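Every number in this text was worked out from the coordinates using simple rules, so none of it is lab data. Note that the structure is predicted; figures quoted are calculated from it, not measured. Here the Cβ positions follow ideal geometry from the backbone for every residue, glycine too, while neighbour counts run over all protein chains shown.
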Amino acid sequence: MSTVTAATRDRAEGVRTTGGSGLARIPGQEGWPIVGNTLAVLADPRAFAERMVRRYGPVYRNRVFGEVSVSMVGPEANELVLFDAEKNFSSARGWGAILDRLFPRGLMLLDFDEHRLHRRALSVAFKAGPMKSYLGQLNAGIAAGIAQWPRGREMPFYPAVKQLTLDLAATSFLGAEFGPDMEAIKRAFMDMLAASIAVVRKPLPGTKMGRGVKGRALVVDYFSRQIRQRRDGTGEDLFSQLCRATWEDGSLLSPQDVVDHMSFLMLAAHDTLTSSLTSLTYRLAAHPEWQTKLRGELHGLGLNTGEPLPFDKLDDLPLTEMAFKEAMRMAPPVPSIPRRAVRDFEFRGFHIPGGTGVEVNPLYTHHMPNLWPEPDRYDPLRFTDEASRGRHKFAYVPFGGGAHMCLGLHFAYMQAKCFAWHFLDNVRVGIAPGYAPEWRMWPIPFPRDGLKVILTPIR
Ligand code: HEM
């Protein structure tokens, strides 16, 4: 398997990046010189998209981060681009600019046949056996983490759950026996995460990117040194599973592949879970009637306080699942999904040349009033079988769709349900009357003030 990154491949193959001229017939606006519309998108990506659609329609030309691209909104656009029946859209060349330096060769940075082979090799780590073992770690870690959160006084929820998610990744992804180096690995990983969305993209000393590149060197070195030992061992954590994963011919993944996939999996899981658990908690705090409903459902499982949530009960929590889904409808952890067209294509009567950067927009789609009446109202019952009947399959895309659909989707639901069980069984979560935190929705939704909640013990 080669170790070529998307950017190197683009250069080698002379892939065009379409400038404004090839797109002149697409309605839209490119904004200010140099910055384009970047600031407006950063400030409020949903309001920006709604403004553009009102003015120009559901296919519009835009300029963010120095490149002219085409945004296509709505379920049909999601289906065209994400399902990608004709293999017109490269994920590697969409995400490459953001992720290539720190998380090269992760699944989202691979395309088509090569991607399929890697995805198949990795899928062994998400089968029922390993998932059960991860749930064991999640149960222990979540119960211990929540026990430490303060009761009866205001606490910022977002940083607390971010730390918890990182600690959980350490045990379920890397194995509890990882030892004293774990703190250094966690710090390095956080530096890589911060760098992946940093504005300054050069690894200059003192910048986020500089720290991120250093962090990657440490993580790569540490993972590489562990691989032989993990291959010979019987560890059930995700890293050990990848170390023993094989290609179709039975040969093992190369150490570089294991390191690249492992780093990427940690990236893919961390901020998305942090964001979605924060959204869920906020909605439950703002809608105590839903806390009561979920608590009733969870207690219906007949477990004692502190007992682990069993793997075979995960499907018995439909209300909890719908509450989580609705939180992600309102704040999809990946609000915008980039691709690059590898050849010319047509959509809604527009001809769009190969090489164009293309964006689809879960955040916009999840608030389209014709699909989601009163889109700003929290209503998990939108996801009952009856209410979902007839809704476009690509109207709800928090996990994407098609070949690159989230590989950790079941892991995410499992962690959310495990969290809901230990959290709601122990505390009531509240917010001050009238409190409505401001959310920054891009690149990953989070409450600007950290989300101030008060936890009250149940018993
Ligand atoms: C609520 C939590 C999560 C959300 C909302 C989420 C969302 C997404 C989305 C939208 C994509 C597709 C991006 C694209 O098409 O360009 C994706 C891909 C991916 N996710 Fe997740 N994710 C979550 C949690 C996780 C977790 C926990 C893991 C791992 C344990 C994970 C692993 C991956 C991987 C490996 C991919 C790439 C799949 C591929 O390219 O074939 N995700 N995720």
Dipole check, the chain, charges on Cβ (K,R +1; D,E -1), about Cα centroid: among Ala341, Pro130, Leu294 the Cα furthest to the positive pole belongs to Ala341
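Expressed as a rounded percentage, what relative contact order does segment 303-459 have, with Cα pairs under 8 Å and six or more residues apart?
On the way: 171 pairs, mean separation 39.4, N = 157.
Once normalised by length, the contact order is 25 percent.
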Are there GluC sites (Glu not before Pro) in segment 227-294 that DSSP puts in a loop and that have at most 12 other Cβ atoms within 10 Å, and which ones? Glu248
Could I have the simple spin-label model distance between Gln29 and Ser254, label points 7 Å from Cα toward Cβ, reported in nm to one decimal? 4.9
Sorting check: for 425-437, 79-91, which peptide has the highest mean count of neighbouring beta carbons within 10 Å, and how do the rest follow? 79-91, 425-437
For the chain, the dipole about the Cα centre with charges only on Cβ (Lys and Arg +1, Asp and Glu -1), to the nearest 20 debye, works out at 960
Test of the criteria: in segment 274-363, which trypsin sites (Lys or Arg not before Pro) are in a DSSP loop and have at most 15 other Cβ atoms within 10 angstrom of their Cβ? Arg343, Arg348
Calculated on alpha-carbon atoms, Rg and Dmax of segment 60-200 in Å: 19.5, 56
With a 22 Å threshold on alpha-carbon distance, the violating pairs from Lys162/Lys202; Lys162/Lys325; Lys132/Lys393; Lys186/Lys452 are Lys162/Lys202; Lys132/Lys393; Lys186/Lys452
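What shape does segment 219-357 take by its C-alpha gyration tensor, where a ≥ b ≥ c are the square roots of the eigenvalues and a/c under 1.5 counts as rounded, a/b above b/c as prolate, and the rest as oblate? Can you show the working numbers first?
On the way: a/c = 2.54, a/b = 1.14, b/c = 2.22.
Oblate, because a/c is 1.5 or more while a/b does not exceed b/c.
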The set of residues whose placed amide H lies less than 5 Å from the amide H of Phe345, leaving out same-chain residues fewer than 5 positions away, is Ile352, Gly354
As I understand it, the dipole of segment 342-430 uses +1 on the Cβ of Lys and Arg and -1 on the Cβ of Asp and Glu, about the Cα centre. Which of Gly430, Tyr396, Leu409 lies farthest toward its positive end? Leu409
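What number, in percent, do you get for the relative contact order of the chain if the mean sequence gap of Cα pairs under 8 Å and at least 6 apart is divided by its residue count? Could the numbers behind the result be given before it?
Details: 710 pairs, mean separation 109.6, N = 459.
Value for the chain: 24 percent.
Going by the alpha-carbon gyration tensor, a ≥ b ≥ c the square roots of its eigenvalues, is segment 128-277 rounded (a/c under 1.5) or, if a/c is not under 1.5, prolate (a/b greater than b/c) versus oblate?
On the way: a/c = 2.08, a/b = 1.15, b/c = 1.81.
Judged from the Cα gyration tensor, segment 128-277 comes out oblate (a/c at least 1.5, b/c at or above a/b).
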Given only helices, namely DSSP H runs of n ≥ 4 each adding -39500 (n - 2.57), what is the per-residue ellipticity at 222 nm of the chain, to the nearest 500 deg cm²/dmol? -15000 deg cm²/dmol
Relative compactness, segment 56-143, computed as alpha-carbon Rg over 2.2 N^0.38 Å: 1.48
Geometric extent, Cα atoms of the chain - Rg, Dmax (angstrom): 22.0, 66
Just tell me which aspartates and glutamates come within less than 18 Å, Cα to Cα, of Lys87; anything on the same chain fewer than 8 places away is out. Asp10, Glu13, Glu76, Glu79, Asp111, Asp113, Glu114, Asp344, Glu346, Glu359
